[in-house]
Amino acid sequence: QVQLVESGGGLVQAGGSLRLSCAASGSIFSINAMGWYRQAPGKQRELVAAITRGGNTNYADSVKGRFTISRDNAKNTVYLQMNSLKPEDTAVYYCNAEIRLRILVPPNDYWGQGTQVTVSS
């Protein structure tokens, strides 16, 4: 089985920083895109940032210039460095990965359990 385990969430004051990590483990052949999503109370889950295996990145407009996504392919891990945090960044952050379990088998989406990020004003 495949697991995505997130860490690094917590409580921080506005203007502060946090770094989220997400490690994929299990019987993995390869990982395509990895990303971070978030869901605030009463709102839909939204894409925060994504990164391809080759390192191409994509960001939500609301986090451009403040958040940086990166990955370590050797460790099957994706990171999200969050700077200049704002109260509106408060949400549960979820890791996502497109994982191929065997050669020639299409990849499937896997999700982490979520980690709470709370930014106080």
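Brief remarks on what is shown
- For the residues 47, 11, 20, 80, the requirement of being assigned to a strand (DSSP E or B), open to solvent by 60 Å² or more (accessible area, probe 1.4 Å), at negative phi and among the aliphatic types (A, V, I, L, M) singles out 11.
- When the stretch 50-77 is limited to residues that are part of a helix (DSSP H, G or I) and in contact with a helix residue (DSSP H, G or I) (Cβ under 9 Å, 6 or more places away or on another chain), the one that is most open to solvent (accessible area, probe 1.4 Å) turns out to be 62.
- Filter result for the condition that a residue is touching a Gly at 6+ places or on another chain (Cβ under 8 Å), in contact (Cβ under 8 Å) with a residue 40 or more places away in the chain and basic (Lys, Arg), over 45, 19, 38: 19
- Residues satisfying the stated conditions in the stretch 81-104, i.e. within 11 Å of the chain's Cα centre (by Cα) and small (Gly, Ala, Ser): 97
- Restricting 102, 66, 53 to those that are modelled with pLDDT under 95 and among the charged types (D, E, K, R) reduces the list to 102.
- Residue within the stretch 87-108 that is within 22 Å of residue 3 (Cα to Cα), surrounded by fewer than 15 Cβ atoms within 10 Å (Cβ to Cβ) and touching a strand residue (DSSP E or B) at 6+ places or on another chain (Cβ under 7 Å) present: yes
The values are calculated or read from the model by the stated rules, or taken from the named source; none is laboratory data. Keep in mind that this is a model prediction, so the values were computed, not measured. Quick reminder, even Gly has a Cβ in these numbers, built from the backbone with ideal geometry, and neighbours come from all protein chains shown. Ligands, DNA and RNA are stripped out before the accessible areas are found, and what is left, the full protein with its side chains, is counted by its heavy atoms. Shrake-Rupley method; radii C 1.70, N 1.55, O 1.52, S 1.80 Å.
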